[in-house]
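The values are calculated or read from the model by the stated rules, or taken from the named source; none is laboratory data. This structure is a prediction, so every number in the text was calculated from the model and none was measured. Note that we place each Cβ from the backbone using ideal geometry, even for glycine, and neighbour counts take in every protein chain shown. Just the protein is used for accessible areas: all its heavy atoms, side chains included, with ligands, DNA and RNA removed. Shrake-Rupley method; radii C 1.70, N 1.55, O 1.52, S 1.80 Å.
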Protein chains: 2
Amino acid sequence: MRIGELAARTGVSVRSLRYYEEQGLLTSTRSAGGQRHYTDAEVERVAFIQHLYAAGLSSRTIVELLPCVDSPSHDNSDAAMERMAQERDRLSAHIEKLQHTRDALDALMAANQAHRDTPRANCSAMAASFV
Amino acid sequence: MRIGELAARTGVSVRSLRYYEEQGLLTSTRSAGGQRHYTDAEVERVAFIQHLYAAGLSSRTIVELLPCVDSPSHDNSDAAMERMAQERDRLSAHIEKLQHTRDALDALMAANQAHRDTPRANCSAMAASFV
DNA sequence: CTTGCCTCTCACATGAATGTCAGCTTTTAG
DNA sequence: CTAAAAGCTGACATTCATGTGAGAGGCAAG
């Protein structure tokens, strides 16, 4: 398929797909006229990339992990494994912080709700729960 | 305290603190000479702001929620409550996606580990778990 | 062949938060 | 009082993923 179709299937813009290739995240074969062609497998790969982006990994980091996905071997696995473990831990820490923040938002909402019933509730105190 | 001390206490750069003020997230009193002065309460407030930033809220969004924290009243609570509920839900969805991504990273690592033991394991298949 | 749609490259723009530099003023320590 | 340290404003730079537009070429249908 050509780039337009891949874009339509993945919901990622044509511009971004070309950017991914530029960053080494995606490869394509070229037609005689120079147009990019992709296989169905690339749809999955783009989804994969999107998930990692959503997890806060930069293209630079993703490109370090991809060799393991593409061709698992000892040479690249050593570096990639360490990187993955590192990113996994960062992700775990991030998730915990987000949960904490969500809890605080909940508390803030509850405090506001309380204020409606009892005008003397103090929302500001909630800010303390963030520290 | 002056801006340098607030920066030191919060770990946020002086530049950022001035930016927060510019965005309406933070206020300060000024000395006769024009220098910003803060109370201890601002330390908490900056931490609060940082948490919301980390949760992916933009300064524009944060500024919408702050009135509720500052002076809870019906006028602003209606809008702010809705905004908070909305952001809370967005945050929940994001957390779930991150957990999913973390699981996938774990699977990828496990597959690589398996490859070390049994060279025929296929890491690429793991990408499918993202879709 | 021609028309219309898709694609190509190159390059500049955007937004958000922050960095950095310059030139000047305020505050503090000795 | 004087010098060092810290602050002020204003403006331009940076990073990253993406948007956007220009100008040219590819490719399938009529």
Margin query: When you scan segment A:56-76, do you find a residue that is in contact (Cβ under 8 Å) with a residue 24 or more places away in the chain, more than 7 Å from every other protein chain (Cβ to nearest Cβ) and within 17 Å of B:Asp103 (Cβ to Cβ), even just one?
Written below: yes
Next item on the list: Could you grab the pairs with beta carbons closer than 8 Å, sequence gap of 6+ or different chains, first residue in segment A:7-27 and touching a residue at least 24 places away in the same chain (Cβ under 8 Å), second one within 8 Å of DNA strand D (Cβ to nearest atom) and basic (Lys, Arg)?
Entry: A:Gln23/A:Arg60
Margin query: Suppose we filter segment B:11-35 for residues that are more than 14 Å from chain A (Cβ to nearest Cβ), within 14 Å of DNA strand D (Cβ to nearest atom) and open to solvent by less than 50 Å² (accessible area, probe 1.4 Å); how many remain?
Written below: 8
Item checked: Meets criteria (exposed (fewer than 14 other Cβ atoms within 10 Å of the Cβ), acidic (Asp, Glu) and more than 15 Å from DNA strand D (Cβ to nearest atom)) for B:Glu82 -> yes
Check: Going by the structure shown, is B:Leu91 within 14 Å of DNA strand D (Cβ to nearest atom) and within 21 Å of the chain's Cα centre (by Cα)?
Finding: no
Checklist line | segment A:1-32 - residue that is more than 11 Å from DNA strand C (Cβ to nearest atom) and outside any helix (DSSP H, G or I) and, of those, nearest to A:Ile62 (Cα to Cα) | finding: A:Leu25
